[in-house]
Every structure is written in structure tokens, then in C-alpha cells.
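Structure record follows, encoded as C-alpha cells.
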Amino acid sequence: MSNKEKEYKDLFISEASQMVGELENFLTKLEKEPSDTKTIDSIFRITHTLKGNAAGMGYEVISKFAHALEDLFSEIKNKTILLEADIFNSLFKATDTLNELVNALSDETLVVKHRGIQRKLEVIVENNKKTIAANKSPQSSTKKAITGKNLQTKTPGKTQETSDKEKKLEQLQSQLDSHHQENKKTEELQTEAYDENHQMIQACENEPKKISFSDMVQVPVQKLDNLLNLVGELIIERDRLITTHEANVSRNEFNRLRRVTSDLQYSVMDVRLVQVGFLFNKFHRVVRDAASTEKKQVDLVIEGSETEIDRNILQIISDSLIHLIRNAIGHGLESEKDRLAQKKQGVGKLTLSARNESEGVVIDIKDDGKGIDIERIKAKIVQKGWLDTITAEKMSKEEIISFIFEPGFSTNETVNSISGRGVGMDVVKKAIDSVGGNIKVSTEAGKGSTFTLILPSSMAVKATLLFEVGHAQYAVPLAYTDAVLSLERKKIHKIQNRLMINHQGNTIETIFLRNLFFPEMSLKNELHDQSAAKWNVILVNYNGRKLGLVVDKLLQQKEIVEKPLKKPVDFVRFISGVTILGNGKVCLVINIPQVIQKLFNHSLTVNATAVA
């Protein structure tokens, strides 16, 4: 059995056990108020749902047993069967047996005797249907008609007519006699079957009732969040304890503490993981509605639905995925007529896939449409006055594409329910940034586009690079880090009050973080500081834009538990959160998206405004 099948089985057992519990409660309530139609409807709905779920999972025994209960309550619902004490006893016994059948799925050694009580339920329904049929039978009226005819005196002149009638009456009488004989044989067979069923039922009813519990426990997400928060505090306290005593105690003394606390942390993180298929499977309707609005034919293909990711991350990016899917249908895929003209299949293909990669999750939204029109984006950028024509022509393909994430940008001239307002893609970018992820776009004219979301598998722990600026320690997420360089001072060039470095043939703008946070320190002093023969540069990348950050000292890579900034410092720019290191010092986490957006969108110089 695969992990996915086992998960579905455990989920079915959990839900079925909950349904059986509800069934017992409703039966207890119904026994006190047999005429309560709402309770009867609720019981009927539970048995119907359980029957369907069991059949879908291939558990035929449970499905047939639930079907017998459903048939019985269908008759009760139609008021053809009156609820009496004997029926309630049978229903409670049936509920116990149903619970045992569900428990037997997780315990293969458990043998459940269910045929007796199931047959008793079926017999109750069958006898009720026969009673109804007998009440509607025309036999009694036919007998009276026959008797009346036989008592009539023959009238002269009608001998031939009477003779014909007598023949017909004799035929009818013969049919009735045959029918009576068949009924007698049927009653004898039913009596034998009843005796057998009665023995089976007695054997089942003599079994003592056992109370069982499900192997699954439903826990509110808020409790998991609180537990994870406490584990984060434990990790911080562990690091502080180790740092405080490592000079006097061998590091090996703390190995077990590290191992146990790390296992605890990752175990709690694992509890919060859910399969992306939980969200992906809801997009069939989204695709259908968007395609209907755009009057296009679209097939949705889902891959890697078993990939797991933190539930909170999946919840945050759900709206972003919806917008990217609608955007692919509105902007990417062509109409059926245009696709056929380009010798493509008339039905467009939209692929939604997920996979694990480098301790994270990668989600691709891929279409086989017309691709992104780079020249059209350039024209729109120039039209809006964001860039002049010369600058736009010099920019790379990736840099041009990055403008689609700017607020107010849209290439559609007309506005509809899918696109044209210029809102959405910037919201997608902000949502991805908020979970510490990144988004990349690849496109090929005439073949389609792919939006790639690179996400952490969990928000509980963030991999970072620690460094010093001044005498304070900072962290930059590794998700945004491309490389770490050690450059001689002469390799950093000043051009029009901006710093530039050359790396692998690319000219990359660079800033001193000291100048960003402490503007009173001039760039001139930094460049003429003879005490530093080399500078440490961290290359970061966001939205296709690269930036070099000059720091005083590189420390180490470390997984941290990041906490968001609280009031009254929640407005501080360029800082996404904070953590406490093992030495007890506060470490600020640099908000790379904000730094790069500020630099590229608003011409941030090295003498930037201080952090407010």
C-alpha cells in the first residue's frame, strides 16, 4: 500500500468513525422522539454518505451494510415503517456492528459477524414491501366477483353467453389456485430462511458491545501554531544554553539535547504538512468558469498532488494560484479558432504541477499558449512613462518580464472579469514574498509560458546567512542569496554616485548596508578606508534583479525561528522579522524584496534614508 492510499484509508476510518458516533447520538435522540423528521433525515444522510464513501474506497462489506441501513430509513422516512422498540434494538445493534466493521479496517485480525443483523434489516424492509403490495392486491375483489357470478341463475336465451363466461371464470379460478400454491411454497421457504436468519441474529446479538477509539485525532490549527511557537522558543533557549556553557563543557555533552529538540521541532513541522492536492483538486471548477468566461476550451492537468507543504503557506498562496490560473487562461491560451490556425490542438492545456526540490517546494503553472509578448510589454512600459525607449531596449528579457508584477500594469486594453484592471500580479508577488518564496517566469513565443513558484516547505524555520554590520548581527534568507564574494577594494567602482561590481560578466549594482542603515557615514569614507583590503559582498536576487550587499563580516549559515515585528516597530523598513541568537543578542532579518524594490523603483542611492 502506497503512502497516499494509506493516508486515504486513515482519513476514511477517521471520518467513518465520526459518522458512526453521530449515528448513535441521533438514534438515541430518535428513540425519545420517534416523530422527529429532522433527526430521521440526518440519519438517512449519514448512511447514504457512508455508503458512497465506502464504495468509493472499495470497502464493499461496509457499503452494503450501510445500504441496508439506508433502505430501512428510506422506508421510515416515507412513513411506511413505524419505529418500535424491536426496531430500535436492531438499529443500535447494527450501529455497533458498523463500528466494528470500520475498526476492522485497521485491525486485520478482527473478525466481525455482520451477516445476521444485516439480514434482519433486509427482512424488515422486504416484509414491509410485501405488506404494502398485499394491501394493493386485487385478489379479494376478484374472488368476490367469481363467487357472485357462480351464484347467478342462468337466464334462457343467454346460454351461449353464460357458457363463455363460465369458461373464463374457470380459467381465473385455476390461476388463483396456482397462485395460492406458489404462495404456500414461498411461505415455507421464508420460514426456513427466517429460522436460519434468526440463528445468525441471535449469535450476533450475544456478542458483547465494545467501545473503540479512532487512531486519528483532529486538532485545531491554532493549537498546532501555539505548539510550534513554543518549540521555537525551546530551540532559542537551547542555543542560548549551549553558547553560555560551551566554554566549560564539551560540545558532545549537548549532542543529545540538540538531536532531541531538533527531532521535536521537525516532528511538529511535519504535523502541519498537507498535500498540495488538497488545494489543486479545487481548481477544476476555477478553470471551467474562467474558460467559460473567455469562451475557450481548456484542459487542466495536475501533477505531483502528493507533494507536501506547510498548511499555512498553502492557505496564503491559494488566491495567488487562482489568479495565475485565470491569468494563464485570459492572457496565455488562445481561442480555439486561433489555435487551429496555428496548427495546435483546439483545446488548450494548462498544467499545474508540484515537486520537492532543495528542501523546498516548487509549483509550476504552465500553459501551451502564445507566450508573453516582450515587445508589447516594452511599449506599455514606455507608454506609462516608467522608462524611456532607449533604456527599455537595453534591458534584458528577464528584466522586462519583471514589470508585469508592478501595480497597475496590464497589457489588456479592455477590462473583463478575468483581466485588464492591472491588479493581481503585484498581489501575487507580495503573497509569495510574505512566505519567503520567489517567483520566476519563463516564456517562449508561440509555445507558452511557465510561472514557477519557489516556496519553503515550512514557515517555522528559515535558512539564513548571518553577518555583521557595525557591531550588530543581521540575517539574510538563503532563498534570496546567489553567492558570497570577497572582493578587493579596487574592483568596486563608483559610477554617478552608485557602486558597481562585475561578476561572471554581469554588471551588478552594489550598496554598503552600513550606508543604508547609518546614512551619516559617507560613501567617500567607505571607499577610502584603507583598513579593509577586501570587502565581503553578498549577492542577492529578487524578481530577476541582482544586488550586491557589502557587509563588515560574514558569520555562518544558520536555521532561525523568525518572529514578525510587533508594534510599535512594525513599520520599520527593510526588516522582515527578528530572532534571538544563542548568545542572547537580537538579530534582524533583512527584507530583500523591499531593499531591491526601493533601489530599482525609486532610485535608491547609497546615501539612503535611515531605517525609520
For the range 129-136, what does the Karplus curve 6.51 cos²θ - 1.76 cosθ + 1.60, with θ = phi - 60°, yield as ³J(HN,Hα) per residue in whole Hz, taken in order and with x for Gly and Pro?
5, 5, 4, 5, 5, 5, 5, 8
With all protein chains modelled, accessible area of Ile377 [1.4 Å, Å²]:
0
Between the range 1-67 and the range 256-290, the Cα center-to-center distance that results, in Å
27
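Would you mind checking Lys9/Lys282; Lys397/Lys494; Lys295/Lys598; Lys282/Lys430; Lys378/Lys563 for any pair whose Cα atoms are more than 31 angstrom apart?
Listed pairs above 31 Å: Lys295/Lys598; Lys378/Lys563.
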Please list Arg498, Arg355 from largest to smallest accessible area, probe radius 1.4 Å, with all protein chains kept in place.
Arg355, Arg498
Enclosed volume per residue, in Å³, of the convex hull spanned by Cα atoms of the range 1-140:
113
Yeah, the range 58-124 with a ≥ b ≥ c from its alpha-carbon gyration tensor (a/c under 1.5 is rounded, else prolate when a/b outruns b/c, oblate otherwise) is prolate
Dipole moment magnitude, nearest 20 debye, the range 1-106 about Cα centre, only Lys, Arg, Asp, Glu C-beta charged:
220
So how exposed is Asp482, as accessible area in Å² (1.4 Å probe, rounded to 10)?
80
Mean Cβ-within-10 Å packing, highest first, puts peptides 428-436, 557-565 in the order 428-436, 557-565
Taking Phe600, Phe65 and ranking on accessible area (1.4 Å, protein atoms only), highest first, one gets Phe600, Phe65
With each pseudo-label sitting 7 Å past Cα toward Cβ, what's the Asn252-Asp426 distance in nm, one decimal?
6.0
Would you mind calculating the gained length between Thr243 and Glu7 on full extension (0.36 nm times residue separation, minus the Cα-Cα distance), in nm to one decimal?
80.8 nm
Which of Pro477, Leu455, Ala431 sits farthest toward the positive end of the charge dipole of the range 363-506, with +1 on the Cβ of Lys and Arg and -1 on the Cβ of Asp and Glu?
Pro477
Rolling a 1.4 angstrom probe over the protein chains, ignoring ligands and nucleic acids, what is the accessible area of Tyr59 in square angstrom, nearest 10?
40
What's the FRET efficiency of Gln504 with Glu33 using the Cβ-Cβ distance as r and R₀ = 56 Å, to the nearest 0.05?
0.10
Please give the peptides 534-543, 31-40, 120-129 ranked by average Cβ packing (other Cβ atoms within 10 Å per residue), highest first, as a rough proxy for protection.
534-543, 120-129, 31-40
Put Ser320, Ser267 in order of accessible area, largest first, probe 1.4 Å, and you get Ser267, Ser320
Around Gly348, which amide H atoms from residues at least 5 apart in sequence, or from another chain, sit under 5 Å from its own amide H, with H modelled in the peptide plane?
Gln297, Val298, Asp299
Please give the contour-minus-distance gain from Asn229 to Ser14: 0.36 nm per residue of separation, less the Cα-Cα distance, rounded to one decimal in nm.
74.7 nm
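The values are calculated or read from the model by the stated rules, or taken from the named source; none is laboratory data. Here the structure is a predicted model, which means the values were calculated and not measured. All Cβ positions, glycine included, derive from the backbone under ideal geometry; neighbour counts span all protein chains shown. What goes into the accessible areas is simple: the full protein's heavy atoms, side chains included, and nothing from ligands, DNA or RNA. Shrake-Rupley method; radii C 1.70, N 1.55, O 1.52, S 1.80 Å.
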